[in-house]
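To keep things clear, I will list the structure first and then write my remarks on it.
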Amino acid sequence: MSTKERIRMVAVGPDDESEKAAWIDALGAAIDSSSFCLGSAVEKFEAACRERLGVAHAIGVSSGTDALKLALAAVGVGAGDEVVVPAFSFFSTASVIVQLGATPVFCDLDTSTLCIDPDAAATVISSKTRAILPVHLYGQTADMDPLMKLSQQHQIPIVEDAAQCFGVFHGGLPAGAIGDAGAFSFYPTKNLAAAGDAGMVVCQDDELADRIRRLRVHGDSGGYDHQLLGWNARMDGFQGAILSLQLNKLDQRQAIRRRNVEEYRQALGEYDLLDQLIPLGRTQGSDHCWHQFIVMVEERDRIRNELSNRGIDSGVYYPGTLPEQPCFTSDPSNAHRYPVAESAAMKVLALPVHHRLQEGDPTRVVATLAEIILEMIGK
Ligand SMILES: Cc1ncc(COP(=O)(O)O)c(C=O)c1O
């Protein structure tokens, strides 16, 4: 076990005492203005997001999961519908579809980016398809141009799962508002992090935004008039207050993530490991916020254990595919039709990339990986 300080996988909460004091001041101001459920602290954050992303509507909600559910419901997904979705993502990408009474129709991934494969999506569109739900996995967008063509050709809306992709642009358009609507998560490990659960829906269309705002408060149009059946999905004022502070730090933190990735790439080259630890490819036209830095590696779990023994944390997002989750599949054979997703679930390894890493940390991670791989080859 190394005597050096452990390298952690995530950095949550304030960075230091002075940032903690700023958070407490912001919470005090939210209390003074009675910004508890929505309120001025949330409105201020929504306005800052509209400006930053260049979107007409930014609607603060209680989580990324609720953001997805509201966006899907607002474009009309309901009982009996199908939604096309990648076979590899966080659980709630698919669970919200089922909770709306619809069926997730899974499809396989692009081998290089592990985002949805647009050609595979095209093959599963049916007369029941009510939405396409691409996931912008790990911090870059899915290949949106062919997906947009598919959407236009079949007149099917696109709802983007941009939970991991706040502030990323694809061909000049903001992730989340390339299709009809998009969902962000501000879970504390995300690049834009709340101090608890929070999320957001963005869109450009006024009517759609009006429906989403109503769905956020039980479907109420005002004055207890419920034309729609909605949920309680409001963003807390406290989260809005913290998120406004976090947004001011986003550029600085993104620069550190980019620096870390650059250092990883150099170190992987220098240690001649690019054949064993294969970084994912890039989506053409998309920036990257490096929510995760992923390499594909054989014997992932063994390597990860050793890394942990030597003082370095890592992550696996995700250890299985969505179709193999028993709650989605009554037909067990359904779980074996997604070779790219299944291989990803065995091989993806997320290395620490957050903004609290020091220069030299990514090189230490790669040097340790080189040591482990050499030992494994020797055995
Ligand atoms: C791809 C993806 N979709 C949806 C979510 C759900 O967001 P939340 O945890 O804020 O509900 C997450 C968060 O982990 C995610 O990574």
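Just so it is clear, none of the values below were taken in a lab; they were calculated from the coordinates. Because the structure is a prediction, the values reported are computed rather than measured. Every residue, glycine as well, gets a Cβ built from its backbone with ideal geometry; the counts of neighbours run over all protein chains shown.
The magnitude of the dipole of the chain, with charges of +1 and -1 set on the Cβ of Lys/Arg and Asp/Glu and taken from the Cα centre, is near 300 debye. Taking a ≥ b ≥ c as the square roots of the eigenvalues of the Cα gyration tensor, the stretch 96-227 is oblate, since a/c reaches 1.5 or more and a/b is not larger than b/c.
Just checking the listed ones, Gly176, Gly285, Gly222: in the Gaussian network model of the chain with Cα springs under 10 Å, the one fluctuating most is Gly222.
What is the packing order of peptides 313-319, 294-300, taking the mean over residues of other C-beta atoms within 10 Å and listing the highest first?
294-300, 313-319
Taking a straight Cα-Cα cut-off under 13 Å and skipping sequence neighbours fewer than 8 places away in the same chain, the aspartates and glutamates within cross-link reach of Lys249 are Asp15, Glu19. Placing unit charges on each Cβ (+1 for Lys and Arg, -1 for Asp and Glu) gives the stretch 17-244 a dipole about its Cα centre, and among His136, Gln227, Ala198 the Cα reaching farthest toward its positive end belongs to Gln227. Round to a whole angstrom and tell me the spacing of the C-alpha centers of the stretch 346-379 and the stretch 1-38. A separation of 28 Å, based on Cα centres.
So what is the calculated 222 nm ellipticity per residue for the chain, using -39500 (n - 2.57) for each DSSP H run with n of 4 or more, over all residues, to the nearest 500 deg cm²/dmol?
Working: 11 runs with 150 residues, N = 379.
Result for the chain, helices only: -12500 deg cm²/dmol.
Counting neighbouring beta carbons within 10 Å and listing from fewest to most, the residues His136, His355, His57, His218 come out as His218, His355, His57, His136. Identify which of Leu68, Leu228, Leu307 has the largest mean-square fluctuation in a Gaussian network model of the chain, with springs joining Cα atoms closer than 10 Å. In the Gaussian network model the winner is Leu228.
Gaussian network model of the chain, Cα springs within a sub-10 Å range: biggest mean-square fluctuation belongs to which of Gly172, Gly320, Gly182? In the Gaussian network model the winner is Gly172.
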